[in-house]
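Asker: Quick one: this structure, given as structure tokens, is what I'll be asking you about.
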Amino acid sequence: MVCQTRSNLTERIKEISANSLEDMKTILPIFFVAVFVSTLLELYVPEEIIFTLLGKNLLLAIPLATVAGIILPIPRYATYPIAYALFDKGAGVGVIFSLISGEVILGSLERDVMEFKFFGWKSYVLRLGLCTAFVIMGGFLIEILA
Amino acid sequence: MIDILNITIGRFLRSLPILLLAIIVARVLNSYLSRGLVENLRKRRLRETLSVVALAGLVTPGPLACYLPLLRVLRKTGFPLSLIVAFITAQTLVGPMRLFLEVAYFGAWFYAYRVVISFIIAISIGAIYHLLERRISF
């Protein structure tokens, strides 16, 4: 009994290690590129542009950040360094919320294809539309609350 | 260019421990999370389950693609689409792995706000689907 439990635990640890390594192989290079992009943003993008696009006019900035999060090919977790660079440049918290939340609305290709196939195009399109609208509203809400 | 690379490597190395911890914790949680939790929700009432499902989505780690086959089976056995969509929405918007990165970058308050707002978003979208399910055939 003890042997079986130990064997199960060993198996599980092996599985967790293998999966974690697999994740690291995918995420770490992407994360490095994201940090590089954020450094470039910080050093080369003038603050005026950030303020114009994502700063003063929240009515424009929050929807813009949501759409940017959705359409820009920013990989999973790589949004954070970029969002932080924008935050550091003075972008509002609602804009950061919208960018981070917008990034996950469209997921990986395999996830989107599976969702589309399993639950139908109507459900997929409606969920994307509703998510976009609610993330924009959430951006305004967090701007008021924070 | 060398300066930019130096800054990038420095920042990358500072974030690395948090990122590695996040990846491992997410995988540990993923390994121990019972899939029976989702199946048990079928037995409860829709109004009650919407918030439970959204909550389950918020704490479920790992990529959504891992759970989609299970959700498909639940859908085929009569699980309402509104609950599935609430789970998908909550799971994609927030995840335990994001906790480490968001707290490190923007502070705990930002993560707390995002969790609460994402929870509300998931419930709202689930509720809209519940209303539409009666009128539209998905």
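Asker: Against the conditions (1) without any contact (Cβ under 8 Å) to a residue 40 or more places away in the chain; (2) surrounded by fewer than 20 Cβ atoms within 10 Å (Cβ to Cβ); (3) assigned to a loop (DSSP other than H, G, I, E, B), where does B:PRO61 fall short? Just the number, please.
Answerer: Condition not satisfied by B:PRO61: (2).
Asker: For segment B:123-133, check the following and say yes or no: at least one residue is acidic (Asp, Glu), part of a helix (DSSP H, G or I) and surrounded by fewer than 18 Cβ atoms within 10 Å (Cβ to Cβ).
Answerer: Yes, there is a match, as at least one residue in segment B:123-133 is acidic (Asp, Glu), part of a helix (DSSP H, G or I) and surrounded by fewer than 18 Cβ atoms within 10 Å (Cβ to Cβ).
Asker: Another question about this same structure. Filter segment B:73-98 down to the residues that are in a helix (DSSP H, G or I) and either modelled with pLDDT under 85 or aromatic (Phe, Trp, Tyr) (or both) and list them by number. Steps first, please.
Answerer: Keep residues of segment B:73-98 that are in a helix (DSSP H, G or I), which gives B:73-76, B:81-93, B:96-98.
Residues satisfying the conditions are B:VAL73, B:LEU74, B:ARG75, B:LYS76, B:PHE87, B:PRO96, B:MET97, B:ARG98.
Asker: Right, here's the next one. For A:ILE105, are the conditions met, namely being under 26 Å from A:ASP23 (Cβ atoms) and touching a residue at least 24 places away in the same chain (Cβ under 8 Å)?
Answerer: yes
Asker: Also: Restricting to segment A:6-38, give me the number of residues that are in contact with a Ser or Thr (Cβ under 8 Å, 6 or more places away or on another chain) and at pLDDT below 80.
Answerer: Total satisfying the criteria: 3.
Asker: What are the pairs, 6+ residues apart or on separate chains, where a residue within segment A:115-134 that is among the aliphatic types (A, V, I, L, M) has its Cβ under 7 Å from a residue that is in a helix (DSSP H, G or I)?
Answerer: If the second residue must be in a helix (DSSP H, G or I), the pairs left are A:LEU128/A:ILE105; A:LEU130/B:ILE125; A:LEU130/B:ILE128.
Asker: Output the residues belonging to segment A:120-138 that are among the small types (Gly, Ala, Ser) and more than 7 Å from chain B (Cβ to nearest Cβ).
Answerer: Scanning segment A:120-138 gives A:GLY129, A:ALA133.
Asker: Of all residues being touching a Pro at 6+ places or on another chain (Cβ under 8 Å) and within 10 Å of chain A (Cβ to nearest Cβ) in segment B:92-104, which is nearest to A:GLY102 (Cα to Cα)? Just the residue, please.
Answerer: B:GLY95
Asker: Among (1) in contact with a Ser or Thr (Cβ under 6 Å, 6 or more places away or on another chain); (2) within 10 Å of chain B (Cβ to nearest Cβ), which single condition is A:SER98 missing?
Answerer: Tallying (1) in contact with a Ser or Thr (Cβ under 6 Å, 6 or more places away or on another chain); (2) within 10 Å of chain B (Cβ to nearest Cβ), A:SER98 fails exactly one: (2).
The values are calculated or read from the model by the stated rules, or taken from the named source; none is laboratory data. Source: prediction; values computed, not measured. Cβ atoms come from the backbone with ideal geometry, glycine included; neighbour counts cover every protein chain shown.
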